[in-house]
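Have a look at the structure below before the remarks.
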There are 2 protein chains.
Amino acid sequence: MQKATADKSDPIAAQLAPVGRETVQDRVYLELRRALIGGLFEPSQVLTIRGLADALMTSTMPVREALGRLITEKALEALPNRSVRVPPITLERMDDLLRARILIEGEAIALAATRMTPRQITTIESMLGEWDEMRALKHKKDVDREVTLNQAFHFEIYRACGSAVLIPMIESLWLQSGPCIRVAIYAFSDAGEVDTAHYHRTIVKAIAAQDAKGARDALVADISRPFTFLRSKLEAEAKKGQSA
Amino acid sequence: MQKATADKSDPIAAQLAPVGRETVQDRVYLELRRALIGGLFEPSQVLTIRGLADALMTSTMPVREALGRLITEKALEALPNRSVRVPPITLERMDDLLRARILIEGEAIALAATRMTPRQITTIESMLGEWDEMRALKHKKDVDREVTLNQAFHFEIYRACGSAVLIPMIESLWLQSGPCIRVAIYAFSDAGEVDTAHYHRTIVKAIAAQDAKGARDALVADISRPFTFLRSKLEAEAKKGQSA
DNA sequence: TCAATGCAAGTGTGATCACAAATCAAATAA
DNA sequence: TTATTTGATTTGTGATCACACTTGCATTGA
């Protein structure tokens, strides 16, 4: 049916090419991805191809392909109008996302706990210090930095799980829960203390002891927090406004 | 039940639009998807945009967008040359895929086991009969029908798990393991008996009894089979040809 | 005043073109 | 004969255009 070009050597050593010319399409995709994980778009916000193309200083071509990719990983949602929007937050969706994250990220960290090298453990330990730095000058709450640091910490661990299948799934889950998390973090900051460092410390301790179960439990506690918080917030709002 | 009642409020009731004009892009995407799950492309096969566009009687436009989507869900692989191919089969990747499938599909069927309605259980029971039909005229082995029936059976169950997050992930996993499965089924047919019906019967029995753990175990046995079989086959081949 | 109609701007989709990079083949030189 | 180079073809990428559909607003009618 196809051309097939039966290559002579099977593993062409694909993973991460030595020469990686970046295409505009990839730049746009990564840009949108970063914005979504960081929660820069708000839930239910509608995105237009031409609008994004103008904002990103390119033509519509790379944008539509990037949007299509984000739609397939459920980071965006295609409406029947053919317009595209950030998925709205609902209670069911939040519970659904949290359950999936506990399942998959829990497995990933359990694998990583038995595989991380001393060098990798040192790396995540050093990340704990950054939380203290940030707490020191907490008078201005830098939500962007919190999000970035939290992401770097978790994915440093997940990368060590050694599964090329699980990691993209986790990325997709973060993409989907990005908007929720942002809302939750803002709510957190209003509510009081941001105790992420404590949870991360518990995670690091378990990993250093090669305690897979302990690491999984600590992770569950860490990622459940913003969800349960946001959940109670949403429920309160739902009780007030029954108009919709 | 559907009807959508186009309200301006937040939940626009997106899921499954009442009017679903099918775009060419979606047609191409579904076509390629079906071909991949069915294993119609062989591992390491290179696909070209213009080639597929000709084969599918359309321009390059919908094809490149469909390919981009399939690449993001790891159903296809982007080479540094910017060409696209079906990911090759390796032992590590197979183990990785199987572990992820056991984890996620196991969770999905455990959820489904407690949620399936009698009507849905009747549906999957009736599917068992089709295996007997097929066995009756087994002189010609209809691999396509086996693949289709197997897929229909599993996803009828997964749909009942009620998770809009897990199901797309399972689809992605099937997309990724499609080429492997096809190879395994062919090997199976050569080796002797195709005993899928037996495994499916065990699954149905557990679900009918609302036995979540039993259903999970039965599923693990079902989906592990082709992988372990293919694994031994690959190991034997690897022992012979160390040339590559 | 209010609802219906019609026009205009906006938007997604598919096709086509231009260009650069990669691939393949033949021809040339050692 | 073998290795290298050169030229033609193929291929992916980005831009632009044409068309259909939707949306929003102003006009028109009762």
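Tabulated data
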read-out: Calculated label separations, A:LEU91, copies of the chain, 7 Å along the beta-carbon direction, nm; value: 5.1
read-out: Rounded to whole Hz, the Karplus (6.51, -1.76, 1.60) HN-Hα couplings of the stretch B:73-79, x for glycine and proline; value: 8, 6, 7, 10, 10, 8, 7
read-out: Peptide A:93-102 - average C-beta neighbours from other chains (10 Å radius); value: 3
read-out: Peptide A:199-207, shielding by other chains (average Cβ, 10 Å cutoff); value: 0
read-out: Rounded to the nearest 20 debye, dipole of the stretch B:118-186 from Cβ charges on Lys, Arg, Asp, Glu; value: 140
read-out: Cβ neighbours within 10 Å from other chains - mean over B:159-166; value: 5
read-out: Three-way shape label, the stretch A:91-237, alpha-carbon gyration tensor, a/c 1.5; value: oblate
read-out: Label point distance in nm, A:THR23-B:THR122, each placed 7 Å from Cα along Cα→Cβ; value: 5.0
read-out: Rounded if a/c under 1.5, otherwise prolate or oblate - the stretch B:43-134, Cα gyration tensor axes; value: prolate
read-out: Copies compared at A:ARG27 - label distances in nm, ascending, label defined 7 Å from Cα in the Cβ direction; value: 3.5
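Values quoted throughout were computed directly from the atomic coordinates according to the rules given, and no laboratory measurement underlies them. Since the structure is predicted, the reported quantities are computational estimates derived from the model, not experimental observations. Note that we place each Cβ from the backbone using ideal geometry, even for glycine, and neighbour counts take in every protein chain shown.
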